[in-house]
Amino acid sequence: MDLQQAPSWRDALSEECNKSYFANLSDFVQAEYARADVFPPAAEIFKAFERCAFDDVRVVILGQDPYHGPGQANGLCFSVREGVRPPPSLVNIFKEIENDLGKAPPPHGSLERWAEQGVLLLNATLTVRANEAGSHQKKGWEKFTDAAIRRLSERRRHIVYILWGAYAQKKAAFVDESENCIIASAHPSPLSARRGFFGSAPFSRANDYLSETDQAPIDW
């Protein structure tokens, strides 16, 4: 496993990729793909980095695991392939965009258009076994994605970090809030969306901060 298609991230994370835990993680992930159904497809493990270069990141949205249902995960958190029915959390994200910005839901659940505008759609764990949520947690992915957030905070500023739910909000510990914007709320899952996600207006708040720091807003 490497970041061959994401050279700016490979430079930022080269030290991490040379650590022993990452070698162990690579061995584990390769063995998992060989013996089980694992998502996303192997070629899309690092898609979040490939679609959003290090120097282009303006917004970070953090997820936990890739979707573990067949054909759903595409390497970008909360996103699914075109033609795949949007899962409930993504449906709620689109509902909040409509409430926040007055934009009707898009015709599909692919969020690649966000990534192309500088939104890093990063799961804390980049792989998962089919139908086994959390099956690749605590294997090393969390160390790797924590390092990615730390590098951004060390080398970049004026980034918006949108942290939904307690799991994502732990990543705030790696972010210099004096130089960036953190927007935290409940998770968009149907289990928690009505406890603080709906009405949190993360999309307009993110765009307001980007405008205040002389950056173009995101077309959500």
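Just the protein heavy atoms count here, and of the accessible area of the chain at 1.4 Å, carbon and sulfur take up 46 percent. Relative to the Cα centre, the charge distribution of the chain, modelled as +1 at Lys and Arg Cβ and -1 at Asp and Glu Cβ, gives a dipole magnitude of about 560 debye. Between the amide H of Tyr161 and those of Val60, Cys181, Ile182, Ile183, distances stay under 5 Å, these residues lying 5 or more places away or on another chain, with hydrogens modeled in the peptide plane.
If I ignore ligands, DNA and RNA and count only protein heavy atoms, how much of Arg51 is accessible to a 1.4 Å probe, in Å² to the nearest 10? Surface open to solvent at Arg51 totals about 100 Å². Looking only at GluC sites (Glu not before Pro) in DSSP loops with at most 14 other Cβ atoms within 10 Å, what is the longest site-free stretch of the chain? So the longest stretch without any such site is 1-81.
Estimated at the nearest 10 Å², the accessible area of Arg157 is 140 Å² with a 1.4 Å probe.
Heavy atoms only, probe 1.4 angstrom, no DNA, RNA or ligands counted: give me Cys77, Cys17 ranked by accessible area, highest first.
Values: Cys77 0, Cys17 40 Å².
Accessible-area ranking of Cys77, Cys17, largest first: Cys17, Cys77.
Per residue of the chain, what 222 nm ellipticity follows from adding -39500 (n - 2.57) for every DSSP H run with n ≥ 4, rounded to the nearest 500? Write out the running numbers ahead of the final one.
On the way: 8 runs with 81 residues, N = 220.
Using -39500 (n - 2.57) per qualifying helix, the result is -11000 deg cm²/dmol.
When a/c is below 1.5 the answer is rounded, else prolate if a/b is larger than b/c, else oblate, so apply that to the range 119-220 with a ≥ b ≥ c taken from the square roots of the Cα gyration tensor eigenvalues. It is oblate, given that a/c is not under 1.5 and a/b is not larger than b/c. Here the relative contact order of the chain, from alpha carbon pairs under 8 Å that lie six or more residues apart, stands at 22 percent. Between Gly109, Pro70, Gly83, the Cα set farthest toward the positive side of the dipole of the chain (charges on each charged residue's Cβ, about the Cα centre) is that of Pro70.
With +1 on each Lys and Arg Cβ and -1 on each Asp and Glu Cβ, and nothing else charged, work out how big the dipole of the range 1-108 is about its Cα centre, in Debye to the nearest 20.
On the way: 10 positive and 16 negative charges, 65 e Å.
The calculated dipole for the range 1-108 is roughly 320 debye.
Based on Cα contacts under 8 Å between residues 6+ apart, the range 4-124 shows a relative contact order of 29 percent.
I'd like the distance separating the alpha-carbon centroids of the range 127-163 and the range 1-59, in whole Å. Each part's Cα centre sits 11 Å from the other's.
Our coupling estimate for the range 14-30, obtained by passing each phi through the Karplus curve with A = 6.51, B = -1.76, C = 1.60 and θ = phi - 60°, is 4, 4, 5, 5, 9, 7, 5, 4, 6, 5, 5, 4, 4, 4, 4, 5, 4 Hz, Gly and Pro reported as x. Going by accessible surface with a 1.4 Å probe and the largest first, Ser178, Ser89 read Ser178, Ser89. Amide H contacts for Phe197 (H built 1.01 Å from N in the peptide plane; partners 5 or more residues away or on another chain; cut-off under 5 Å): Ala186. Dipole magnitude for the range 152-220: about 400 debye, using +1 per Lys or Arg Cβ and -1 per Asp or Glu Cβ, origin at the Cα centre.
Going through the cross-link list Lys95/Lys138; Lys47/Lys138; Lys95/Lys139; Lys103/Lys170; Lys103/Lys138; Lys138/Lys170, which pairs have a Cα-Cα distance over 26 Å in this structure?
Details: Lys95/Lys138 32 Å; Lys47/Lys138 21 Å; Lys95/Lys139 34 Å; Lys103/Lys170 30 Å; Lys103/Lys138 38 Å; Lys138/Lys170 15 Å.
Exceeds cut-off: Lys95/Lys138; Lys95/Lys139; Lys103/Lys170; Lys103/Lys138.
Rolling a 1.4 Å probe over the protein heavy atoms gives the range 81-220 an accessible area of 47 Å² per residue.
The values are calculated or read from the model by the stated rules, or taken from the named source; none is laboratory data. Not measured: the values here are computed from a predicted model. Neighbour counts run over all protein chains shown; Cβ positions are idealised from the backbone, glycine included. Surface accessibility is based on the protein's heavy atoms, side chains included, excluding ligands, DNA and RNA. Shrake-Rupley method; radii C 1.70, N 1.55, O 1.52, S 1.80 Å.
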